[in-house]
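Student: Following this message is one structure expressed as structure tokens.
What follows is calculated from the coordinates using simple rules that are stated; it is not laboratory data. All values reported here derive from a predicted model rather than from experimental measurement. Note that we place each Cβ from the backbone using ideal geometry, even for glycine, and neighbour counts take in every protein chain shown.
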Amino acid sequence: MRILLVVGRKKRGKTSLVEKIVPEFIKRGYKVGTIKYTTMDHDFDTPGKDSFKHTQAGAETTLVLSPQRLALFSSDLRKKNPDELFELFFKGYDLIIGEGFKNSPYPKIEILDSSRDREPLCGEKDNLIGVVGQVVKKLKVPEFNLNQIVKLTDYIEERLFGDRETR
């Protein structure tokens, strides 16, 4: 399993970039999962629903299973570090694309808006491997724009997986 993080400040297009590269990797035959980090304290479960009542009754983890999907609500699992969660939920996947997690050690693509961003959040020491957008301060990583999704995916694939002929 390889992990790639898409990082950047709020409202820069991280989700849009994830939406563009996920299908490109799937088209190439990879099994892809995503994970998003948020600083907001969302209430993911719906008040009044049975799963919400289970949590209100004291369950630390509740799994909701339907014929098409499953949902997991857990305060207990949130205490695990991202590595443990990746292994637990994405075993057998080729690629996990995380949105956020800028302080994690995994390879990162940062999305920038040169009209608003004077400096990138990350540098080479943070395992930054590429930038989408124009950089005011030149870095030693390749720059791409949002219209270069195939080229960006080629680059990420080479960096994370090496020669795709031997994959």
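Student: What's the FRET efficiency of Phe161 with Lys27 using the Cβ-Cβ distance as r and R₀ = 25 Å, to the nearest 0.05?
Tutor: For R0 = 25 Å, the calculated efficiency reads 0.95.
Student: Among Leu139, Leu152, Pro67, which residue has its Cα positioned farthest towards the positive end of the charge dipole of the chain, with +1 placed on the Cβ of Lys and Arg, -1 on the Cβ of Asp and Glu, and the dipole taken about the Cα centre?
Tutor: Checked the options; the winner is Leu139.
Student: DSSP H helices in the chain with Cα extent of 15 Å or more along the helix axis and mean Kyte-Doolittle hydropathy at least 0.0?
Tutor: 14-27, 149-161
Student: Rounded to the nearest 500, what is the 222 nm mean residue ellipticity of the chain from helices alone, with -39500 (n - 2.57) per DSSP H run of 4+ residues and division by all residues?
Tutor: -7500 deg cm²/dmol
Student: What is the sum of charges, Lys and Arg at +1 and Asp and Glu at -1, for the other residues whose Cβ falls under 12 Å from the Cβ of Leu5?
Tutor: +2
Student: Residues of the range 94-109 with amide nitrogen under 12 Å from the 7 Å Cα-to-Cβ point of Asn81?
Tutor: It comes to 104-106, nothing else.
Student: Shape verdict for the range 79-167, please, from the Cα gyration tensor: rounded (a/c under 1.5), prolate (a/b greater than b/c) or oblate.
Tutor: It comes out oblate by the Cα gyration axes.
Student: Among the listed pairs Lys20/Lys79; Lys14/Lys138; Lys79/Lys108; Lys80/Lys108; Lys27/Lys80, which are separated by more than 25 Å between their Cα atoms?
Tutor: Going by Cα-Cα distance, Lys20/Lys79; Lys27/Lys80 fall outside the 25 Å limit.
Student: What is the sum of charges around Ser115, taking Lys and Arg as +1, Asp and Glu as -1, for the other residues whose C-beta is under 13 Å from the C-beta of Ser115?
Tutor: Combined, the nearby Lys, Arg, Asp and Glu give +3.
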